[in-house]
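Trainee: First the structure, which I've put down as structure tokens, then a few questions once you've had a look.
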Amino acid sequence: PPVPSDLGYVPPDGGWGWAVVFGASISIGFAYTFPKAFTIYFKELQAVYSISYSQIAWITSIMCATTYGGGPISSILVNRYGSRPVVILGGLLCGIGMVSAAFCTSILQLYICVGFITGFGLALNLQPSVIIIGKYFLKRRPIANGLAMAGSPVMLCTLAPLNQFLFDNFGWRGSFLILGAILLNCCVAGALFRPIGAATAPVKTQATEEGKDALKEEVTKDAMEMSSPMNITMETKTEEEGGKGCCEKVNQYLDFSLFKHRGFLIYLIGNVLMFLGFFAPIVFLAPYAKHIGIDEYSAAFLLSILAIVDMIARPTTGIIANSKWVRPRIQYFFSFSIAFNGACHLLCPLASGYTGLVVYSIFFGLAFGMVCAMLFETLMDLVGAARFTSAVGLVTIAECCTILLGPPIGGTLIDTFGDYKYMFIKCGAVMVLAGTFLFIMNYYNYRTLAKEEKERKAKEEDPKSVRTENEGRNNWNKETAQDGPELEPLREEREGLKKEVNGT
């Protein structure tokens, strides 16, 4: 079915847009994968700084929290300057953070350089890359989002062995210098984000607008000269418009009116709940395999299986989501993906051997890829491409809290019960609950929207409502006509000016 555009222009749905998708896959891949791939240096850093595992794990937690928490700042910068300069700035910050980390002499300095500076650079890479896709694609947007999000598993398959190779040959300090240079490729990806937008308004429209403005100014001037009470009224109106302009200026960069949007609130609550159990299983999968007696290389291979399946699942999900059967009700598909992900975690404790964990990794990679491919597409479907920049910033700042708390809560359950199954059961139950919530509330939202649309059409077609509106307008005109004879010359002059403008 035809999909309306709220951007003021028709996106090209191809052409240079595929180069933008390629650049977005690089930026998104680094943003999602780098915190996971960085964990290979933890053991060496623990020995160098003589710290516990919980202390070293805070590097990744701070990096992920900063990446998501920096969403509103990233959205404001994109609204002000566009995606290209923001991504280039993010790439420079990532490179500076990793190069500075190579010279750190304490864990606190690593928190600042790797956690905050590099994490904020990744935040400036993530949001603009997702936003620019919505400006280049409309009909093929689910496919484009799926291909861009596929950069994450590709990077995971690449960065994990690369980090091990760099560490074996150059040590952790040399590796940080090389990683800083590699992260500068985000600047190259940002350079592909060519700006796109609506064309300038036609000359006729501009002339009409200028005529209306001139009419408004002239009528206001005459009214202010007419009497002092009207001067007071106009001054009050000017103050109100000034206050309104200030609010509009704030909303221009970050649209807080989205919190009145029913679909946005449903998405926000469901996603905040989902992220309590989204990342913990992937963090504890390899340790769980070692816990049940599987060797280190076989345990690490489980993550590779997950990444390969994830790599295939994301673009495939994008193609399915773009089909004529799924696209009109993509929110239901997203809800099913989250519940399917949770069901995989609930069944994981039943996998007692390595074969069972391989099967779990395959289904986990499929479910993980399905959720990630539609994570931003469903949000754009709800709020539209024009408001998506503000929406993604507000969503990521709300999600950063549960992303930060999810893995530590899972670790606490493992420490308390001495068994990994309770962590998987907790994550599975939370995600099934989130998927069920989104399914029920989206059904309610769709029904309510259909009812509102039906009432609107009935009101437009009902002649009684039209007659009532006309009678109310006539009554208002009669009341205004009784205001006094002193305003009659102004009213006649205003009507004449309106006719002239309408004629042009």
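Trainee: Could you please tell me which pairs satisfy a Cβ distance under 8 Å, a separation of 6+ or placement on different chains, a first residue in segment 79-98 that is hydrophobic (A, V, I, L, M, F, W, C) and modelled with pLDDT of 90 or more, and a second residue that is open to solvent by 10 Å² or more (accessible area, probe 1.4 Å) and in a loop (DSSP other than H, G, I, E, B)?
Mentor: L92/L184; C94/L184
Trainee: Could you tell me whether R314 is within 20 Å of the chain's Cα centre (by Cα) and open to solvent by 30 Å² or more (accessible area, probe 1.4 Å)?
Mentor: Numbers: within 20 Å of the chain's Cα centre (by Cα): yes; open to solvent by 30 Å² or more (accessible area, probe 1.4 Å): no.
For R314, the condition - within 20 Å of the chain's Cα centre (by Cα) and open to solvent by 30 Å² or more (accessible area, probe 1.4 Å) - is not met.
Trainee: Within segment 349-364, can you find the residues that are over 29 Å from the mean Cα position of the chain (by Cα) and closer than 18 Å to S304 by Cβ?
Mentor: Of segment 349-364, the ones over 29 Å from the mean Cα position of the chain (by Cα) are 349-359.
The answer is A351, Y354, T355, G356, L357, V358, V359.
Trainee: Hey, another quick one. Could you tell me which of the residues S74, S50, S100 is of a type in the set (S, T, N, Q) and open to solvent by less than 40 Å² (accessible area, probe 1.4 Å)?
Mentor: Values: S50 fails: open to solvent by less than 40 Å² (accessible area, probe 1.4 Å); S100 fails: open to solvent by less than 40 Å² (accessible area, probe 1.4 Å).
Result of the check over S74, S50, S100: S74.
Trainee: From the list F340, F424, F368, pick out the single residue that is of a type in the set (F, W, Y), closer than 16 Å to L306 by Cβ and open to solvent by 10 Å² or more (accessible area, probe 1.4 Å). Give the steps one after another, and end with the answer.
Mentor: On the way: F424 fails: open to solvent by 10 Å² or more (accessible area, probe 1.4 Å); F368 fails: open to solvent by 10 Å² or more (accessible area, probe 1.4 Å).
Result of the check over F340, F424, F368: F340.
Trainee: Can you list residue pairs whose Cβ atoms sit under 7 Å apart, with the first residue in segment 103-128 being over 18 Å from P85 (Cβ atoms) and open to solvent by less than 10 Å² (accessible area, probe 1.4 Å) and the second being polar (S, T, N, Q) and part of a helix (DSSP H, G or I)? Count only pairs 6 or more apart in sequence or on different chains.
Mentor: So the pair list comes out as G115/T66; G119/T66; G119/T67.
One line per residue, one yes/no per condition, for (1) over 30 Å from F363 (Cβ atoms); (2) among the polar types (S, T, N, Q); (3) open to solvent by less than 70 Å² (accessible area, probe 1.4 Å); (4) at pLDDT 75 or above:
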residue: T236; (1), (2), (3), (4): yes, yes, yes, no
residue: K249; (1), (2), (3), (4): yes, no, no, no
residue: Y253; (1), (2), (3), (4): yes, no, yes, no
residue: L268; (1), (2), (3), (4): no, no, yes, yes
residue: V272; (1), (2), (3), (4): no, no, yes, yes
residue: V283; (1), (2), (3), (4): no, no, no, no
residue: A307; (1), (2), (3), (4): no, no, yes, yes
residue: N322; (1), (2), (3), (4): no, yes, yes, yes
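Trainee: Any idea how many residues of segment 390-438 are more than 22 Å from G342 (Cβ to Cβ), touching a residue at least 24 places away in the same chain (Cβ under 8 Å) and out of contact with any Pro (no Cβ under 9 Å at 6 or more places or on another chain)?
Mentor: 2
Trainee: Related question: All but one of (1) within 21 Å of F279 (Cβ to Cβ); (2) modelled with pLDDT of 85 or more hold for A351; which doesn't?
Mentor: Single failed check for A351: (2).
Trainee: OK, next. Could you list, ordered by first residue, the pairs with Cβ atoms under 8 Å in which the first is in segment 15-38 and within 20 Å of F120 (Cβ to Cβ) and the second is crowded, with 24+ Cβ neighbours inside 10 Å and of a type in the set (D, E), at least 6 apart or interchain?
Mentor: none
Trainee: Out of (1) assigned to a helix (DSSP H, G or I); (2) open to solvent by 30 Å² or more (accessible area, probe 1.4 Å); (3) modelled with pLDDT of 75 or more; (4) among the hydrophobic types (A, V, I, L, M, F, W, C), the odd one out for L276 is which?
Mentor: (1)
Trainee: Taking L92 as meeting all but one of (1) more than 22 Å from W172 (Cβ to Cβ); (2) within 19 Å of the chain's Cα centre (by Cα), write down the number of the exception.
Mentor: Among (1) more than 22 Å from W172 (Cβ to Cβ); (2) within 19 Å of the chain's Cα centre (by Cα), L92 violates only (2).
Here's the yes/no breakdown for (1) more than 30 Å from K290 (Cβ to Cβ); (2) at pLDDT 75 or above; (3) among the hydrophobic types (A, V, I, L, M, F, W, C); (4) surrounded by 11 or more Cβ atoms within 10 Å (Cβ to Cβ):
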site	(1), (2), (3), (4)
A434	no, yes, yes, yes
R456	yes, yes, no, no
E460	yes, yes, no, no
K464	yes, no, no, no
T468	yes, no, no, yes
L487	yes, no, yes, yes
E492	yes, no, no, no
N502	yes, no, no, no
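The values are calculated or read from the model by the stated rules, or taken from the named source; none is laboratory data. None of the values given here were measured: they were computed from a predicted structure. Using ideal geometry, Cβ is built from the backbone for each residue, glycine included, and neighbour counts are taken over all protein chains shown. Accessible surface areas use protein heavy atoms only, side chains included; no ligands, DNA or RNA. Shrake-Rupley method; radii C 1.70, N 1.55, O 1.52, S 1.80 Å.
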